[in-house]
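Here is the structure we will look at.
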Amino acid sequence: MKLHLKISLFVVFILANFFFSCKKDASNNNNKVKQDVYVAGVSNGTAVYWKNGVVTTLSNSQYDCHAYAITISDNNIYVAGDETIDSLGTNYVAATYWKNGQINLLAKEPYTINANSNFCVRK
């Protein structure tokens, strides 16, 4: 009888631990940090970037432009790439970066130059 009682108490102990210790901790859900995903690329010959799957067009040029790299710093979005420019009837590819959607040409000479990467340094 003592053995039967010990086995019963052991089973009750195991079941109690199973039911009371396997609760989902709701406090862990509030500690998750939302992280945004950014991707630079090209869509239909136009430089774009995606933030969490939502596309943003960077250029409305009639010529090809490309986005190769993206960096986020202090809530600013920097995209490196190139854009085809028409200069007096001659097309050339100009190294370009966009800051928060505003285009900035890195080279204004009629030469083909690309920008394939970018980075930010915090002081």
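The values are calculated or read from the model by the stated rules, or taken from the named source; none is laboratory data. None of these values were measured; they are calculated from a predicted model. Cβ: placed from backbone, ideal geometry, glycine included. Neighbour counts: every protein chain shown.
Step by step: first the residues of the stretch 71-84, then only those that are out of contact with any Cys (no Cβ under 9 Å at 6 or more places or on another chain) and surrounded by fewer than 20 Cβ atoms within 10 Å (Cβ to Cβ), then the one that is nearest to residue 40 (Cα to Cα). Which residue is that? Once the filter is applied, the top-ranked residue is 77.
Which residues, taken from the stretch 97-114, are more than 14 Å from residue 77 (Cα to Cα) and either among the polar types (S, T, N, Q) or at pLDDT 65 or above (or both)?
Let us first name the residues in the stretch 97-114 that are more than 14 Å from residue 77 (Cα to Cα), namely 105-114.
Of everything in the stretch 97-114, those that are more than 14 Å from residue 77 (Cα to Cα) and either among the polar types (S, T, N, Q) or at pLDDT 65 or above (or both) turn out to be 105, 106, 107, 108, 109, 112, 114.
Within the stretch 79-103, the set of residues being in a strand (DSSP E or B), of a type outside the set (Gly, Ala, Ser) and more than 15 Å from residue 68 (Cα to Cα) comprises 85, 86, 90, 91, 92, 102. Please determine whether any residue of the stretch 17-36 is at pLDDT 85 or above and either surrounded by 10 or more Cβ atoms within 10 Å (Cβ to Cβ) or among the hydrophobic types (A, V, I, L, M, F, W, C) (or both). No: zero hits. Of all residues in the stretch 67-81, none satisfies being at pLDDT 75 or above, farther than 30 Å from residue 35 by Cα and of a type in the set (Ser, Thr, Tyr).
Name the single residue that is surrounded by the fewest Cβ atoms within 10 Å (Cβ to Cβ) among those in the stretch 39-68 being under 11 Å from the mean Cα position of the chain (by Cα) and part of a strand (DSSP E or B). By that ranking, first place goes to 54. Taken together, the residues in the stretch 85-101 that are surrounded by 15 or more Cβ atoms within 10 Å (Cβ to Cβ), more than 22 Å from residue 37 (Cβ to Cβ) and of a type in the set (A, V, I, L, M, F, W, C) amount to 4.
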